[in-house]
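Below is one structure; the comments refer to it alone.
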Amino acid sequence: MKELTDKLADGHALAEAEYLSLLTCNEREAEYLRQAAQAVAQRVFGREVKARGLIEISSYCKNNCLYCGIRAGNPRAERYRLTKEEIMECCRQGDALGFQTFVLQGGEDPAHTVEWVEDVVRTIRTAYPAKAITLSLGERPEEDYRRWFNAGADRYLLRHETIDRTHYAQLHPTAMSYDNRLRCLDSLKKIGYETGTGIMVGSPFQKLEYIAADLKFIERLHSEMVGIGPFIPHRDTPFRAEPAGSVELTLRLISILRLMLPTANIPATTSLGTLAADGRERGILAGANVVMPNLSPVEQRKKYSLYDNKICTGDEAAESRRLLEKRIEAIGYTLV
Ligand code: 5AD
């Protein structure tokens, strides 16, 4: 199995069956993989972890994804929508804390017209000419993506969730289209966004074969960012009784992705930190290089509840930067 790790480290690509072998390798081999990925991350980024300020701008969503706590069909979800002024206040706080990237994430909120988002992006761009603006607002027509790009957005996150068509239909209502999702990713790349995609690890009905195909897809897309985290059930969704995904498998995937895409930005995600107290640190040691502390207004944070017990006010909160810094320093890295 060492050969597969070495082959991936050298050629940044494997056959689907080889990815599958890596996913199922024994612990000793997984440790070899992890060390190889850690070495690549340190060669590319030094021992530095980049912080992105996450602003969750709306918990309204027109979609009804079966896994997600803010699905339209959850009447118990508390809804909020930040105003432009509130978003700008989050940016001011983020700027004061030293963040160089703002990530605007939200449900697919029908109130977010193309003009409104465009205006918000342009206002942030004008106020902070040197910062990166990342959007994560779901599926939109290509024209919307283009206008937001022209207004100053640089990056876009849109997880494909699964590359298997049957699996996609098991996770999403029939109103959602697998083809449209992939079309959106194509559009984003074509327009010139740095594009991020990714999956949940251990989502219901997922098979390791699907993950191997997801890896092949990400390899071909050559995405600049890859977000992966374990699935965690939410009590008010149809998947409430499903088991959470595996931390170990998530870490293994981070390592594979790091060897496949040495320069990609790979976060140690909030869901990884929710499922294991030391999840983010272990993510970094497996090859991740990004953390995304929460910059949303504290009184709204609990409402952005994608899954149960989502952490939002501990070390991962942006205002607790010093705490996060200490944890990252404890494993020999610095937060930038
Ligand atoms: N567990 C883990 N991740 C989830 N997401 C949505 N619901 C859950 C859940 N229950 C992820 C999806 C989405 C991202 C914003 O959050 O992958 O793309």
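The values are calculated or read from the model by the stated rules, or taken from the named source; none is laboratory data. A quick note: this is a predicted structure, and the numbers were derived from the prediction, not measured. Backbone-built Cβ (ideal geometry, glycine too); neighbour counts: all protein chains shown. Only protein heavy atoms, including side chains, enter the accessible area calculation; ligands, DNA and RNA are left aside. Shrake-Rupley method; radii C 1.70, N 1.55, O 1.52, S 1.80 Å.
When you check residue 73 against the structure, is it open to solvent by less than 30 Å² (accessible area, probe 1.4 Å), at pLDDT 95 or above and not aliphatic (A, V, I, L, M), yes or no? Judged against the criteria, residue 73 is not a match. Based on what the data block shows, is residue 51 within 23 Å of the chain's Cα centre (by Cα) and surrounded by fewer than 17 Cβ atoms within 10 Å (Cβ to Cβ)? Answer is no for this residue. The residue pairs whose first member lies in region 188-211 and is farther than 15 Å from residue 232 by Cα and free of Cβ contacts under 8 Å to residues at least 60 places away in the same chain, whose second member is open to solvent by less than 20 Å² (accessible area, probe 1.4 Å) and away from the ligand (no atom under 16 Å from the Cβ), and whose beta carbons are closer than 6 Å, counting only pairs six or more residues apart or on different chains, are 188/145; 191/145. When region 157-184 is filtered for residues that are within 16 Å of the ligand (Cβ to nearest atom), aliphatic (A, V, I, L, M) and more than 23 Å from residue 16 (Cβ to Cβ), the ones remaining, listed by number, are 157, 176.
The set of residues in region 267-312 being under 15 Å from the mean Cα position of the chain (by Cα), among the charged types (D, E, K, R) and within 12 Å of the ligand (Cβ to nearest atom) consists of 310 alone.
Given the residues 284, 218, which is the only one that is in contact (Cβ under 8 Å) with a residue 60 or more places away in the chain, out of contact with any helix residue (DSSP H, G or I) (no Cβ under 6 Å at 6 or more places or on another chain) and open to solvent by less than 10 Å² (accessible area, probe 1.4 Å)?
Exactly one of 284, 218 is in contact (Cβ under 8 Å) with a residue 60 or more places away in the chain, out of contact with any helix residue (DSSP H, G or I) (no Cβ under 6 Å at 6 or more places or on another chain) and open to solvent by less than 10 Å² (accessible area, probe 1.4 Å), namely 284.
Residues in region 81-110 that are in a loop (DSSP other than H, G, I, E, B) and open to solvent by less than 50 Å² (accessible area, probe 1.4 Å): 82, 97, 98, 99, 107, 108, 109. For region 185-213, a residue qualifies if it is hydrophobic (A, V, I, L, M, F, W, C), within 16 Å of the ligand (Cβ to nearest atom) and part of a helix (DSSP H, G or I), and the qualifying residues are 185, 188, 211. Tell me the residue from 267, 297, 293 that is modelled with pLDDT under 95 and open to solvent by less than 20 Å² (accessible area, probe 1.4 Å), please. Checking each option against the conditions leaves just 293.
Cβ-Cβ contacts under 8 Å between residues 6 or more apart (or on different chains), taken from a first residue in region 2-31 that is among the aliphatic types (A, V, I, L, M) to a second residue that is in a helix (DSSP H, G or I) and open to solvent by 70 Å² or more (accessible area, probe 1.4 Å), are listed as 14/7; 20/209; 30/248. Can you confirm whether region 318-335 contains a residue that is surrounded by fewer than 21 Cβ atoms within 10 Å (Cβ to Cβ), in contact with an Asp or Glu (Cβ under 9 Å, 6 or more places away or on another chain), of a type outside the set (A, V, I, L, M, F, W, C) and free of Cβ contacts under 8 Å to residues at least 24 places away in the same chain? Within region 318-335, one or more residues are surrounded by fewer than 21 Cβ atoms within 10 Å (Cβ to Cβ), in contact with an Asp or Glu (Cβ under 9 Å, 6 or more places away or on another chain), of a type outside the set (A, V, I, L, M, F, W, C) and free of Cβ contacts under 8 Å to residues at least 24 places away in the same chain.
Which one is nearest to the ligand (Cβ to nearest atom) among residues in region 223-266 that are over 16 Å from residue 207 (Cα atoms) and of a type in the set (Gly, Ala, Ser)? Only one residue fits best here, namely 227. Among the residues of region 141-156, is any within 16 Å of the ligand (Cβ to nearest atom) and under 15 Å from residue 105 (Cβ atoms)? Looking through region 141-156, at least one residue is within 16 Å of the ligand (Cβ to nearest atom) and under 15 Å from residue 105 (Cβ atoms).
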